[in-house]
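Notes to accompany the following structure.
Throughout, read-outs are computed from the coordinates displayed, never taken from laboratory work. Quick caveat: nothing in here was measured; it's all calculated off a predicted structure. When we count neighbours, we look across all protein chains shown, and the Cβ atoms used for this are built from the backbone with ideal geometry, even at glycine.
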Amino acid sequence: MDEALLIRNVMVVSPGAPTVQRDVLMEGGRWHFPALPPAGVRTIDGTGKILLPGLYDVHAHLREPGREDSETMATGCEAAVAGGFTGLTAMPDTYPPVDHGGLVHSLREMAARRARIPVEVAGCITRGRLGQELAEIGEMQASGAVMITDDPDPVANPQVLRRALQYARGLGVLVATTCEVRELSGAGAMHDGAVSYRLGLPGLHPCAEEIGIARDIRLAQSCGSRLHVRGISTARSVEIIRRYKSEGVAVTAEVYPHQLLFTDAAVGDYATVFKVRPPLRPEADRQALLQAVREGVIDMLATDHTPHTWYEKTRDFGSAAFGMTGLATALPALHEGLIAPGHLSWEVLVERFAAAPRRLLGLAVPEIAEGAAVNAVLFDPQALVTFSAAALRSRSHNTPFLDRTVRGAVVWVALGREILLDRL
Ligand SMILES: [Zn+2]
């Protein structure tokens, strides 16, 4: 496992450093920049390839315990490795929900045994994710929970959220809310607009999200608390975040790759694979999200990897489950859809998908620098990858990329002394 490796003439994209083309040597779990390439070492031609830090996903649903038919800790993390992620945070909407310290502790132990990448555990904001009383927040923090969230549900009662924000502030716990006023969403199944009218589907009105975002950030401001918001899909949501940031509120925001890659037109002829929450929106919103990612108004990307069984997605649009998987596909899809055509730079991608998510949680940000610990992905923009069910590595295949071929592939992933993936 601890073989030295020389990558010649590779484009190195490291957070906060200028992008350069150079030779890099991996030896003893650390990077070295040799003045002269050493002899007798396994050598890869890195010409045309990108070396970047391992990505980090702050938002993955791994389904264990309770729904191992759709995903497990082990399969979710293998999907992550296949997609170039070297760390993730598991959401607490399991069965039972992660709402006390004992379950945080046992999940962290399970991850240490079964996952090849570090897994952080999120706890619930409310007991049983029921939105009524606060979960054992202090106990979960003491057991190592890195954030509290009731994702995929919002905290409906603003008084409960206010108490959670005040309590979390005292403890220094990160609160992440999924912003939506469910009374406004009703039975909505997709974006409320021309496509939903044509299909005769009930719409999810943007107001449900925008009022939820404004409400949650205003509450955090009034409590002097830090808040991380998710479930952002409209131009107006971006403007709300921008305004509160300009007022100095400690709010951070994430967006999902599929919101940057697809519009509501993708639903086409009732394609349930595109049924997600928040829903895919029209092109103007997609453009606003992309601009917000470039500017940093949206701080980071997160997959919201949401595995569902075939049975849960293969039914009529109204009753199919919300969500798509994303761990194995996010990086190649973002490359093909946005980076290759010049809409997003590698530097911004690395900042938003490797550096910012770790900073949010207080984790070390990996660098590719002389003496730095190895935590990196080699990406080949010319290679083709076909996302067969096996290539996805997840137990669930609810992704629009299933059996699709994308240009640009994760070809090698390493963490410390271990090569996690080697397709070279
Ligand atoms: Zn989620």
**Complete:** (1) outside any loop (DSSP other than H, G, I, E, B); (2) in contact with a helix residue (DSSP H, G or I) (Cβ under 6 Å, 6 or more places away or on another chain) all hold for Lys245 apart from (2)
**Request:** Please verify whether the stretch 186-202 includes one or more residues that are of a type in the set (Asp, Glu), assigned to a loop (DSSP other than H, G, I, E, B) and in contact with a strand residue (DSSP E or B) (Cβ under 6 Å, 6 or more places away or on another chain).
**Result:** yes
**Message:** Can you tell me which of (1) of a type in the set (Val, Ile, Thr); (2) touching a residue at least 40 places away in the same chain (Cβ under 8 Å); (3) over 20 Å from Glu71 (Cβ atoms) is the one Thr386 doesn't meet?
**Reply:** (2)
**Message:** Between Leu361, Leu402, which is surrounded by fewer than 21 Cβ atoms within 10 Å (Cβ to Cβ), under 30 Å from Gly172 (Cβ atoms) and in contact with a Leu (Cβ under 8 Å, 6 or more places away or on another chain)?
**Reply:** Leu361
**Message:** Any residue in the stretch 36-61 that is over 19 Å from Leu301 (Cα atoms) sitting within a Cβ distance under 8 Å of a residue that is of a type in the set (Lys, Arg) and more than 16 Å from the ligand (Cβ to nearest atom)? List the pairs, counting only those 6 or more apart or interchain.
**Reply:** Pro37/Arg8; Thr43/Arg8; Ile44/Arg8; Asp45/Arg8; Gly46/Arg8; Thr47/Arg8
**Request:** Test Leu219 against the criterion of being outside any strand (DSSP E or B) and either touching a His at 6+ places or on another chain (Cβ under 8 Å) or within 16 Å of the ligand (Cβ to nearest atom) (or both), and give yes or no.
**Result:** no
**Fill in**
Every listed condition ((1) in contact with a strand residue (DSSP E or B) (Cβ under 7 Å, 6 or more places away or on another chain); (2) within 21 Å of Glu351 (Cα to Cα); (3) surrounded by fewer than 23 Cβ atoms within 10 Å (Cβ to Cβ)) holds for Leu227 save (3)
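Can you name every residue in the stretch 26-85 that is farther than 30 Å from Thr309 by Cβ and of a type in the set (Gly, Ala, Ser)?
Gly28, Gly29, Ala35, Ala39, Gly40, Gly46, Gly48
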**Asked** So which of Ala156, Ala142, Ala115 is away from the ligand (no atom under 16 Å from the Cβ), buried (at least 17 other Cβ atoms within 10 Å of the Cβ), among the small types (Gly, Ala, Ser) and more than 18 Å from His59 (Cα to Cα)?
**Response** Ala156
**Elements of type helices (runs of 4 or more DSSP H) in the stretch 257-324, at least 2 residues being within 16 Å of the ligand (Cβ to nearest atom) and either of a type outside the set (A, V, I, L, M, F, W, C) or touching a Pro at 6+ places or on another chain (Cβ under 9 Å) (or both)** = 257-261, 310-313
**Message:** What pairs come out if I take residues in the stretch 88-107 that are surrounded by fewer than 19 Cβ atoms within 10 Å (Cβ to Cβ) and pair them with residues that are of a type in the set (Ser, Thr, Tyr) whose C-beta lies under 6 Å away, six or more apart or interchain?
**Reply:** His105/Ser143
**Prompt:** If you scan the stretch 17-59, which residues turn out to be of a type in the set (Lys, Arg) and assigned to a loop (DSSP other than H, G, I, E, B)?
**Reply:** Lys49
